[in-house]
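K.L.:
I'd like to ask you about the structure that follows.
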Amino acid sequence: MWVPMEVMGKTGNASGSSSRPSVVNIGSLFTLNSVIGRSAKPAILVAVDDVNSDSSVLAGTKLNLIMHDTNCSGFLGTIEDFQLVGVKRKRY
């Protein structure tokens, strides 16, 4: 499993005094209908929910998960990687 990470989002808070982003997008690329995918997807979803539910972890910054299914295809995985990095996608 390869998990590219990228920080995207609006910086600052309501008063504009912070440089911390309000959202951090994280992405995952793997075959969802596989042994690894069926195990990793719920684990990643729970981890993101845990981080977002505890305000002491990222203090005002929310994790946004972008998940892509590569369907065991290196080509599809490459294309989805470009989409993941370049385009905001569906939130899970």
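K.L.:
Check the stretch 71-79 and report whether any residue there is more than 15 Å from the chain's Cα centre (by Cα), modelled with pLDDT of 65 or more and among the β-branched types (Val, Ile, Thr).
P.N.:
In the first step, residues of the stretch 71-79 are kept if they are more than 15 Å from the chain's Cα centre (by Cα); the result is 71-79.
From what is left, the residues that are modelled with pLDDT of 65 or more are 71-79.
With among the β-branched types (Val, Ile, Thr) added as a condition, the list becomes 78-79.
For the stretch 71-79, residues more than 15 Å from the chain's Cα centre (by Cα), modelled with pLDDT of 65 or more and among the β-branched types (Val, Ile, Thr): present.
K.L.:
Filtering the stretch 51-70 down to residues that are of a type in the set (D, E, K, R) and at pLDDT 85 or above, which residue is nearest to PRO21 (Cα to Cα)?
P.N.:
First, pick out the residues of the stretch 51-70 that are of a type in the set (D, E, K, R): 54, 62, 69.
Add one more test, that the residue is at pLDDT 85 or above, and what stays is 54, 62.
On the way: ASP54: 17, LYS62: 9 Å.
Going through the qualifying residues, I end up with LYS62.
K.L.:
Here's a follow-up. Go over the candidates VAL48, VAL3 one by one and state the one that is at pLDDT 90 or above, under 12 Å from the mean Cα position of the chain (by Cα) and surrounded by 10 or more Cβ atoms within 10 Å (Cβ to Cβ).
P.N.:
Values: VAL3 fails: at pLDDT 90 or above.
Answer to the selection: VAL48.
K.L.:
Of everything in the stretch 19-45, what is surrounded by 15 or more Cβ atoms within 10 Å (Cβ to Cβ) and touching a Phe, Trp or Tyr at 6+ places or on another chain (Cβ under 7 Å)? Give them in sequence order.
P.N.:
LEU29, GLY37, ALA40
K.L.:
Out of the residues in the stretch 22-40 that are part of a strand (DSSP E or B) and among the β-branched types (Val, Ile, Thr), state the one that is farthest from VAL57 (Cα to Cα). If you could, list the steps in order and put the result at the bottom.
P.N.:
Initial filter on the stretch 22-40 (part of a strand (DSSP E or B)): 23-30.
Now narrow it down to the ones that are among the β-branched types (Val, Ile, Thr): 23-24, 26.
Numbers: VAL23: 13, VAL24: 13, ILE26: 16 Å.
Selected residue: ILE26.
K.L.:
Which members of the stretch 51-70 meet the condition of being part of a helix (DSSP H, G or I) and either within 15 Å of the chain's Cα centre (by Cα) or crowded, with 18+ Cβ neighbours inside 10 Å (or both)? Before you say what the answer is, go through the steps one by one.
P.N.:
Narrowing the stretch 51-70 to residues part of a helix (DSSP H, G or I): 51-53, 55-58.
Those that are part of a helix (DSSP H, G or I) and either within 15 Å of the chain's Cα centre (by Cα) or crowded, with 18+ Cβ neighbours inside 10 Å (or both): VAL51, ASN52, LEU58.
The values are calculated or read from the model by the stated rules, or taken from the named source; none is laboratory data. Here the structure is a predicted model, which is why all the values come from computation and not from measurement. Cβ: placed from backbone, ideal geometry, glycine included. Neighbour counts: every protein chain shown.
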